[in-house]
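Comments concern the structure below.
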């Protein structure tokens with residue numbers, strides 16, 4: 001049978017209970033550090049570091065299907081020879097009265113024509129020499145031939161193969177303008193470049 005507690009034992013027990021139940025007030029300066037998480041390797045006094053964000057793998061970029069762009073149709077290759085020559089793919093050059101000399105404008109036009117001829121390397125051309133209505137037929141045939149040759153020689157000097165260029169003189173037989181004044185005559189003194197094969 002247990003013995004009753006003495007007065008002294010009761011007093012010691014009451015003091016112990018009172019001491020355990022008394023807590024120090026919590027203030028912003030004395031907030032206790034939380035206990036470290038087991039296995040974290042940190043103490044309660046260390047400031048925890050922010051977690052490193054996990055990098056996500058780059059999302060796969062959708063690749064569009066392989067679409068071949070439509071091939072542009074060259075308008076010159078789809079024309080007949082008559083349509084090609086009417087379209088002025090090759091420009092004529094003009095001359096002064098009684099002259100077969102190429103001026104700066106004529107040389108510039110022939111330079112542009114040479115670029116077209118290099119692009120279309122299979123074209124064969126004929127250069128027609130023309131004159132205005134003044135002078136005899138024989139004189140104009142000879143002058144027309146010299147004009148056609150002057151244009152041919154300049155194209156060859158620019159790198160166009162000589163075997164691709166033929167010449168012919170029509171003299172005054174086929175005027176571009178049927179008028180009888182200087183405005184018409186200046187249009188008829190020309191070397192006309194015609195595509196005759198390709």
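Just so it is clear, none of the values below were taken in a lab; they were calculated from the coordinates. What you see is a predicted model; the values in this text were computed from it and never measured. Positions of Cβ are backbone-derived with ideal geometry, glycine not excepted, and every protein chain shown enters the neighbour counts.
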Q | Spin-label model distance (nm) - residue 104 vs residue 146, 7 Å beyond Cα toward Cβ | A | 2.4 nm
Q. What distance in nm separates the simple spin-label points at residue 112 and residue 91, each placed 7 Å from Cα in the Cβ direction?
A. 0.2 nm
Q | Estimated distance in nm for a label pair at residue 134 and residue 119, the labels positioned 7 Å out from Cα along Cα-to-Cβ | A | 3.8 nm
Q: Go through 172-180, 189-197 and give me the packing order, highest mean Cβ count within 10 Å leading.
A: 189-197, 172-180
Q | Rounded to 5, percent antiparallel among DSSP beta bridges of the stretch 81-197 | A | 55 percent
Q) Distances over 22 Å make up what percent of all Cα-Cα pairs in the stretch 81-197? A) 28 percent
Q: List 138, 83 from most exposed to least, where exposure is judged by having the fewest other Cβ atoms within 10 Å.
A: 138, 83
